[in-house]
Structures are given as structure tokens and as C-alpha cells.
Amino acid sequence: MSQISEIRAQLRPHLRWHGARLSFLSLFLVALFRAKTVNLAELATVWGGNAEEDSNYKRMQRFFKSFDVNMDKIAKMVMSIAGIPQPWVLSIDRTNWSLGTTHFNILLGSPKAVRMSCSDEQKAR
């Protein structure tokens, strides 16, 4: 089974999308890891398949322009696949710093499982 087929199989029970959309998302995820960027022009160069880079680029543009991605479903899918039990909160941190002439602007989101019992709440008071 190819990488794309394996990813599609993992996504299918969570998203319930048409097969073509699942295939697109699977290809997109693989391209993200190969290119190590979110720039669509650069993703088009590592997309794979027989289509030209320009066709891959336009395909990605059409998908994001015409398809409404439900981010709640995506978040629940990621948490389910990661095996993080509810309840959980999302911790977000942003940093901006420079090292010589290179600038780093990083936004990080991380889920955190919340495990608090009644006795823990009383101790915190």
C-alpha cells in the first residue's frame, strides 16, 4: 500500500469526504513533509504524479478557493489520531526573533490534556 493510500485510509473514518478530496489532502500532506514549506508554488514542485508543476499549483489553488474545510473536524481528527483524550485545551505561543540576518517568526499550537480532579482543584485554592 502506498503512502497516499495509507493516509487516505486513516483520514476516511474521520472526514467522510469524497475519495478525490481525500486523495488531494493525502497528496498535500506528503508534499508538505517533502517541501518543508506551506508555499503552494514550492509544494507544486514536489507534488508527484505526471502533471506539470503549474497544473499542480492551480489544483491546490482551486481546492482551497472552492472547498470549505471544517477546521473543527480537522482538529477533532488530529486529536483522535494522536490518541489525546478529552478534555483538552489548545496552548498557543508565538515568538519572533533574529539570528544574524535571519528572522524567525514562529506560531506554535499544541494540545494539552486536562486532568484535574476535585482534590486537585481544592489544593489549588
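What angle do you read, to the nearest 10 degrees and between 0 and 90, between the alpha-carbon axis of helix 53-66 and the longest principal axis of the chain?
Around 50 degrees separate the two axes.
Please get the size of the charge dipole for segment 3-69, origin at its Cα centre, with Cβ charges of +1 on Lys and Arg and -1 on Asp and Glu, quoted in debye to the nearest 20.
260
Here are labelled values, [x] 0.99; [y] 1.08; [z] 1.32, and one is the computed Rg/Rh (Cα atoms, Kirkwood Rh) for what I pasted. Which one?
Entry [y].
For segment 1-75, state which GluC sites (Glu not before Pro) are in a DSSP loop and have at most 11 other beta carbons lying within 10 Å of their beta carbon.
Listed in order of number, the matching sites are Glu52.
Based on the Cβ-Cβ distance from Ala113 to Lys65, what FRET efficiency comes out when R0 is 30 Å, to the nearest 0.05?
Computed FRET efficiency for Ala113 and Lys65: 0.25.
Got the relative contact order for the chain handy, in percent, Cα pairs under 8 Å and 6 or more residues apart?
Across the chain, relative contact order equals 15 percent.
When the helices in the chain are scored as -39500 (n - 2.57) per DSSP H run of 4 or longer and the sum is shared across all residues, what 222 nm value do you end up with, to the nearest 500 deg cm²/dmol?
Value at 222 nm, helices only: -17000 deg cm²/dmol.
Just subtract the alpha-carbon distance of Val38 and Trp97 from 0.36 nm times their residue separation and send over the number in nm, one decimal.
19.2 nm
Can you give the charge dipole size of the chain about its Cα centre, rounded to the nearest 20 debye, using +1 on the beta carbon of Lys and Arg and -1 on the beta carbon of Asp and Glu?
Dipole about the Cα centre, nearest 20: 340 debye.
Looking at segment 29-77, which trypsin sites (Lys or Arg not before Pro) are in a loop (DSSP not H, G, I, E or B) and have at most 11 other Cβ atoms within 10 Å?
Here the sparse-neighbourhood loop sites are Lys36.
Read-outs throughout are calculated quantities, based only on the coordinates presented, and are distinct from any laboratory measurement. No experiment lies behind these values; they were computed from the predicted model shown. Every residue, glycine among them, receives a Cβ derived from its backbone with ideal geometry; neighbour counts consider all protein chains shown.
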